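Structure, as structure tokens:
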Amino acid sequence: AQSVTQLDSHVSVSEGTPVLLRCNYSSSYSPSLFWYVQHPNKGLQLLLKYTSAATLVKGINGFEAEFKKSETSFHLTKPSAHMSDAAEYFCVVSDAGNMLTFGGGTRLMVKP
Amino acid sequence: NAGVTQTPKFQVLKTGQSMTLQCAQDMNHEYMSWYRQDPGMGLRLIHYSVGAGITDQGEVPNGYNVSRSTTEDFPLRLLSAAPSQTSVYFCASSYSSGLNEKLFFGSGTQLSVL
């Protein structure tokens, strides 16, 4: 069985400072990993995905994530937060079949 | 392109009532799915379909039915609504059911069951 743990339910940063959203996963296979973002009252949008190519994945809006197999982690980072980054972020794992497993989400707040 | 369209955006039901949440996509995607989103629990898969005429259960299928008579449409039926079904529901689609496929989400339906 696969599972995803997002280690922080809320993260607050100041505009212009780095963002780190943490994600750990468990999987019986070589997983595919995703980060999705959800802005208020909107559907989810794909930020980036890892599919066993380069371990450092670049996504949209300056976000990137690094796959670390030894740590079973897939943390999301951004060098400098912008007010428009305030949203909820979901780490997602897919390792078999047709089902994705979502983490519980991390709400990112950006202070001016 | 409209993408994935869900209707209605909001719905209030009384316990025991039935209703259908509509989902349509215009991208010719084979894979469609329904999720419910509850605070702190992420999204949980209710049902999914890998093509017209083919459906299967996800993680939390009880109390819900689906059908897929066309590629475009994937309605979700609540048979007898219960307060535990109060949630935000999302429909999502992708080109195929491959593990690496990007999901396209609708804007959600907020359902309250009294």
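Among the lysines of chain A, pairs that are 8 or more positions apart or on different chains and have alpha carbons within less than 16 Å of each other number 7.
Here the label points at A:T77 and B:K102, each 7 Å from Cα along the C-beta direction, are separated by 2.4 nm in the simple model.
FRET efficiency for the B:S80 to A:M109 pair, using the beta carbon distance and R₀ = 45 Å, is estimated at 0.70.
Each 5 Å bin from zero holds the following percent of Cα-Cα pairs in the protein assembly as shown: 1, 7, 15, 18, 19, 16, 12, 7, 3, 1, 0.
Based on alpha carbons, the Rg and Dmax found for segment B:4-114 are 13.1, 39 Å.
Over all distinct alpha-carbon pairs, what is the Kirkwood Rh of chain A in angstrom?
Values: mean 1/r = 0.0714 Å⁻¹.
Evaluated over chain A, this radius sits at 14.0 Å.
When both segment B:51-114 and segment A:14-92 are represented by their alpha-carbon centers, they are found 25 Å apart.
All alpha carbon pair distances within segment A:1-58 were sorted into 10 Å bins beginning at 0; the resulting P(r) in whole percents reads 17, 45, 33, 6.
Inter-chain neighbour count for A:67-79: the average number of beta-carbon atoms from partner chains within 10 Å of each residue's beta-carbon is 0.
Here, each number is a calculation from the coordinates, and none is a lab measurement. On a predicted model such as this, the values are computed, not experimentally measured, just so you know. Note: ideal-geometry Cβ built from the backbone for every residue, glycine included; neighbour counts use all protein chains shown.
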